[in-house]
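Participant: This is the structure, below, for whatever I ask next.
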Amino acid sequence: MPASHLTEIVQGIADIDRLKDCDAVLSGYIGSPEQGGHILAAVARVKQANPNAWYFCDPVMGHPEKGCIVAPGVAEFFCQEALPASDIIAPNLLELEQLSGVHVDNVEQAVKVARDLCAKGPKVVLVKHLSRAGYHLDCFEMLLVTMDDAWHISRPLVDFGARQPVGVGDLTSGLLLVNLLKGEPLDKALEHVTAAVYEVMLKTQQMGEYELQVVAAQDAIVNPSCHFTATKL
């Protein structure tokens, strides 16, 4: 998609006088740094219309086991421009290291590095995949960190074999944003997101599918049957 289309979409919303009703901007994977510039321009316009709006940045750069996969200039955009502009940012372990320039080996280091990011702009950092830096390699672990508090949560891994489903991070970021916009406390939001995503992955596995089965699991997203407890660190 041409980068200018992003600005045109926002202009269309402005033309019907609805930017003031926008409570957040959520960005994820981008194909070029030019798209990033248009996203930040959109954030500025939304915040001008609604000063209480949030910018939630999902800085998609790669996977802890696969490395950085984005186009030239995109990683630099996230590190230098998106990070200080964001209110909430949701890196995985690789992206946390990219944003901070620090190698992270364990949970304690991840909390410290996340707080270093908070000092540069965002109020909340979700480390949405701790991978090798977690407590247990046989679990999927996340951290939610602010300057004052930190919570850790884990859930079982779901085995998909060689072909892992895509979009788990996108679903995680979107659900966290929805929970926070509803006014949920940070720890309760983290617990709901963890359970809801787990339910979606179980349904996807049960149906033998590759694409996340969010429609089939829609009731479980709203009201998960399982529960995972966030532990305050």
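Participant: Suppose R0 equals 30 Å; then what is the FRET efficiency for Ala49 and Val166 from their Cβ-Cβ distance, rounded to the nearest 0.05?
Facilitator: 0.35
Participant: Can you tell me the FRET efficiency between Asp116 and Thr7 if r is taken as the Cβ-Cβ distance and R0 is 35 Å, rounded to the nearest 0.05?
Facilitator: Details: r = 32 Å, r/R0 = 0.92.
It comes to 0.65.
Participant: Continuing with this model, one more query. Any idea how far the Cα center of the stretch 184-233 sits from the one of the stretch 7-52, in Å?
Facilitator: 28
Participant: Follow-up. Would you please put 45-55, 172-182 in order of how densely packed they are, using the mean number of other Cβ atoms within 10 angstrom per residue and starting with the highest? If you can, show how the numbers build up before the last one.
Facilitator: On the way: 45-55: 16.7, 172-182: 19.3.
Per-residue mean Cβ counts within 10 Å order the peptides as 172-182, 45-55.
Participant: Evaluate the charge dipole of the stretch 4-166 about its Cα centre and quote only its size in Debye, nearest 20, assuming +1 on the Cβ of each Lys and Arg and -1 on the Cβ of each Asp and Glu. Kindly include the intermediate steps, with their values, before the conclusion.
Facilitator: Values: 13 positive and 21 negative charges, 12 e Å.
Once rounded to the nearest 20, the dipole reads 60 debye.
Participant: Express the relative contact order of the chain as a whole percentage, based on alpha carbon pairs under 8 Å and six or more residues apart in sequence. Working shown, then result.
Facilitator: Working: 397 pairs, mean separation 30.9, N = 233.
Computed value for the chain: 13 percent relative contact order.
Participant: While we're looking at this one, here's another question. Helix-only mean residue ellipticity at 222 nm, the chain, DSSP H runs n ≥ 4 weighted -39,500 (n - 2.57), per residue, nearest 500. What is it? If you can, show how the numbers build up before the last one.
Facilitator: Numbers: 8 runs with 93 residues, N = 233.
When only DSSP H runs of four or more count, the value is -12500 deg cm²/dmol.
Participant: Which entries of Lys120/Lys188; Lys47/Lys232; Lys188/Lys232 show an alpha-carbon separation above 21 angstrom in the structure shown? Please list the in-between numbers first.
Facilitator: Numbers: Lys120/Lys188 25 Å; Lys47/Lys232 32 Å; Lys188/Lys232 11 Å.
Beyond 21 Å: Lys120/Lys188; Lys47/Lys232.
Every number in this text was worked out from the coordinates using simple rules, so none of it is lab data. Please read these numbers as outputs of a predicted model, since none were measured by experiment. Note: ideal-geometry Cβ built from the backbone for every residue, glycine included; neighbour counts use all protein chains shown.
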